[in-house]
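Down below is the structure, laid out as structure tokens.
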Amino acid sequence: MGEGKRLCVRGERLLKILESSVEYRPEEYVVHVASDNPFLTLVGIILSQNTTDKNAIAALKRFREEVGDTPEKVLEKGYEAVARAIRTSGSYRRKAEAIVELARRLVARGGVSYLKTASPSELREFLSSIKGIGRKTVDVFLSFTGKEKVFPVDTHARRIAYRWGLTSSPKARYEEVSKALAEHFGENVDYERAHKLIIAFGRKYCRARWPRCEECPLRNCCPKRLEE
Ligand code: SF4
């Protein structure tokens with residue numbers, strides 16, 4: 001592969017190829033589980049840090065049953081109850097601290113309605129200042145809720161952007177990967193949809209280990225930069 005070679009298809013055409021090659025099932029993504037409640041959506045995104053959506057969905061279900069669905073209920077039940085409910089999601093103490101702190105600050109701002117009424121820049125600042133809520137969590141939330149057009153980067157997006165030749169290293173900075181994917185898909189594409197399709201594509205074809213290049217619909221135009 002020559003230096004600088006990139007996936008030869010881009011934009012809406014690339015989105016269409018992804019759409020026709022993977023099945024997108026909303027119920028497999030934690031953000032869709034409680035999409036009518038922005039607080040639970042955020043809790044779900046926090047729970048999905050460093051674990052699978054499947055684990056995060058199970059933990060969110062238990063959280064909802066044992067703790068509740070509002071920041072006020074989180075403060076009423078307390079840290080230990082939160083930690084117990086989300087135990088299966090991994091790093092649960094750190095995640096519980098982030099959820100309780102999020103609840104505390106939301107209640108101080110009038111509750112869950114703040115997540116609906118605050119401007120995207122206010123929300124970005126608010127969420128980023130909470131320990132345990134990083135750039136990816138903020139981007140996934142702002143993108144999913146349609147507050148901001150941004151390309152979130154998770155482990156699939158990072159790996160695939162590199163294999164497609166869009167980034168210089170599999171460990172490229174978050175901002176570099178997000179910008180490269182946004183540019184490759186172009187402004188007309190819904191980044192939220194593209195991101196979800198990339199996850200599904202990464203699960204089916206462009207897997208971390210043993211990617212299925214022989215069956216991949218992009219095999220004839222992919223630089224196949226496999227880092228393993
Ligand atoms: S599975 Fe192989 S051919 Fe397909 S996008 Fe990934 S690296 Fe490229």
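Side notes on the structure shown:
- Residue within segment 149-164 that is in the same structural domain as Ala200 (by TED's automatic domain parsing), over 17 Å from Val31 (Cβ atoms), at pLDDT below 95 and of a type in the set (Gly, Ala, Ser) present: no
- Count of segment 168-183 residues which are within 20 Å of Ile17 (Cβ to Cβ) and surrounded by fewer than 21 Cβ atoms within 10 Å (Cβ to Cβ): 2
- Check on Ala81, small (Gly, Ala, Ser) and surrounded by 22 or more Cβ atoms within 10 Å (Cβ to Cβ): no
- Segment 185-203, residues that are within 15 Å of the ligand (Cβ to nearest atom) and of a type in the set (Gly, Ala, Ser): Ala194, Ala200, Gly202
- Residue match in segment 35-44 (condition: modelled with pLDDT of 95 or more and either under 27 Å from Tyr205 (Cβ atoms) or among the small types (Gly, Ala, Ser) (or both)): yes
- Of all residues in segment 54-66, exactly one satisfies the criterion of being surrounded by fewer than 24 Cβ atoms within 10 Å (Cβ to Cβ) and closer than 10 Å to Val43 by Cβ, namely Arg64.
- Close pairs from segment 146-164: first within 11 Å of the ligand (Cβ to nearest atom), partner of a type in the set (Asp, Glu) and assigned to a helix (DSSP H, G or I), Cβ under 9 Å, at least 6 apart: Ala161/Glu176
- Some residue of segment 207-219 being outside any helix (DSSP H, G or I), free of Cβ contacts under 8 Å to residues at least 12 places away in the same chain and either within 21 Å of Gly146 (Cβ to Cβ) or of a type in the set (Gly, Ala, Ser) (or both): no
- Val112 vs. criteria assigned by TED's automatic domain parsing to the domain that holds Gln49 and closer than 20 Å to Glu28 by Cα: no
- Residues of segment 102-134 classified as crowded, with 17+ Cβ neighbours inside 10 Å and part of a helix (DSSP H, G or I), total: 9
- Residues (of a type in the set (Gly, Ala, Ser) and assigned to a helix (DSSP H, G or I)) located in segment 179-206: Ala180, Ala182, Ala194, Ala200, Gly202
- Here Val74, Val31 are screened, and the one residue that is β-branched (Val, Ile, Thr), part of a helix (DSSP H, G or I) and at pLDDT below 95 is Val31.
The values are calculated or read from the model by the stated rules, or taken from the named source; none is laboratory data. Predicted model, so just to flag it, every value in this text is computed and none were measured. FYI the Cβ positions are ideal-geometry reconstructions off the backbone, even for glycines, and counts take in every protein chain you see.
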